[in-house]
Amino acid sequence: MNIIESKLPNVGTTIFTTIGALARQHDAIDLSQGFPNFDPNPDLLKLVGEAYKEGYNQYAPMPGVFSLREMISQKIETLYGTHYHPESEIIITSGATQAIFTTVSAFVQKGDEVIVLKPAYDSYEPSIELYGGKVIPVELEGNNFKMNWDVFKAAISSKTRMVVINTPHNPTGTIWSADDMLRLQEILRGTDIILLSDEVYEHIVFDGKGHESVAKYSDLASRSMICSSFGKTFHATGWKMGYCAGPEHLMKEFRKVHQFNIFSVSHALQMALAQYLKEPKHYLELNAFYQKKRDYFLDAIKDSRFQMIPSSGTYFQLLEYSNITDENDTVFAERLIKEHQLASIPVSVFCNEAYNQKFLRFCFAKTNDVLDRAAEILNKI
């Protein structure tokens, strides 16, 4: 038997797999993993079918179909005011997770420090550790998960190679303000630190607020790799379609890894998306669509014993349960599945070990009948 020294000795099965299996075992309503239970727009599905029939079934160009990269370039410039050249500064990826992983693998070397803001999406840290980087966690503070900029600044050292940010934020549903971005820009100014900006929920922001992309801030844009997702935007997470945008000198290194990591992604899906993006309402109307679902869910549970601050973005809502039990969130999440047939994600799995707040994350990207059934359960607890 070969003796293998694991490169990720502390990594086990993801919480999403564990909770998903438990939910199926107990026939629970699953509001845990972040995916819609409804289909993409029929117009998009029609375009996909046509692309397959037209013969786009072989390898796409390595960086992606040029017409799709053109549409992404136009979208970013229109929304955020910065031009990314479609040939040299945009690459189509197999979902945003691949874009994140490739960014880390292209730039993080052994001994580099990477600042990760906690709670954090669970793919960041294993990617960093796989390449010998050291994660420097910085906790977002309070029930509203705000950045303490003095703490952040103190975490930067001569070994800091990268900072990872995420807005709109998974799992908390918070968003960054223009002031946050300006503070970040000022702190990083004059350094060689690369910024990895996870913006997969850029088109899901509520209450009339706007998404603060790093692309809006020139110094941040010059050091940033922006990772985004068609799957999140167009209700098709199983397609694993995303993209990365960044300045040419960084994208050059990203491309070196990408060509051997994945090479290219679905040709037909890219052709369909290039056509679909020609109509901006397909992504601009998403804010109102998901705000309606958020409001529907919150109204349905307004008389429950859970406490909530309405999500500002993403399709996740945190519910605070300290009025119900003193149990650890992982224990309560498991009991919620076994005794009440409702699945959620305990927020502590995204945090440092010292985290002790009592939040569960629920995905409201579901049809109203599912949200009604979930609300009925929550109201009885």
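Coordinate-derived values only; no laboratory data. Quantities reported herein were computed from a predicted structural model and do not represent experimental measurements. When we count neighbours, we look across all protein chains shown, and the Cβ atoms used for this are built from the backbone with ideal geometry, even at glycine.
Pull up all non-local amide H partners of Thr160: gap of 5 or more, or a different chain, and H-to-H distance under 5 Å with H placed in the peptide plane.
Amide H to amide H, under 5 Å and 5 or more residues apart or across chains, Thr160 pairs with Glu113.
Suppose only helical runs count, i.e. DSSP H with n ≥ 4. What mean residue ellipticity at 222 nm does that imply for the chain under -39500 (n - 2.57) per run, divided by all residues and rounded to the nearest 500 deg cm²/dmol?
Result for the chain, helices only: -12000 deg cm²/dmol.
Count the DSSP beta bridges whose two residues both fall in the stretch 130-281, then state the antiparallel fraction as a percent rounded to the nearest 5.
Around 35 percent of the beta bridges assigned by DSSP in the stretch 130-281 are antiparallel ones.
Just the number, please: percent antiparallel of the DSSP beta bridges in the chain, rounded to the nearest 5.
45
For Tyr56, what charge total do you get from the other residues with a beta carbon under 15 Å from its beta carbon, if Lys and Arg give +1 and Asp and Glu give -1?
Every neighbour counted, the sum reads 0.
Given a cut-off of under 8 Å on Cα pairs at least six residues apart, what relative contact order in percent is computed for the chain?
Contact order relative to length: 25 percent.
Is any helix in the chain, taking whole DSSP H runs, at least 24 angstrom long along its axis by alpha carbon and on average at least 1.6 on the Kyte-Doolittle scale, and which ones?
none
Report, in debye and to the nearest 20, how large the dipole of the stretch 303-348 comes out about its Cα centre when Lys and Arg carry +1 and Asp and Glu carry -1 on their Cβ.
120
Take peptides 19-32, 342-355 and line them up by average Cβ neighbours within 10 Å, highest first, as a rough protection proxy.
Ranking the peptides 19-32, 342-355 by packing returns 342-355, 19-32.
Residue farthest toward the positive end of the dipole of the stretch 42-282, with Cβ of Lys/Arg at +1 and Asp/Glu at -1: which of Val114, Phe152, Gly242?
The Cα lying farthest towards the positive end belongs to Gly242.
What Kirkwood Rh does the chain have if only Cα atoms enter the pairwise 1/r average? Answer in Å.
Averaging 1/r across every pair of different Cα atoms and inverting gives 21.6 Å.
Using mean Cβ contacts within 10 Å as the protection proxy, how do 66-77, 221-232, 136-147, 239-250 order, highest first?
My ranking of the peptides, most packed first, is 221-232, 239-250, 66-77, 136-147.
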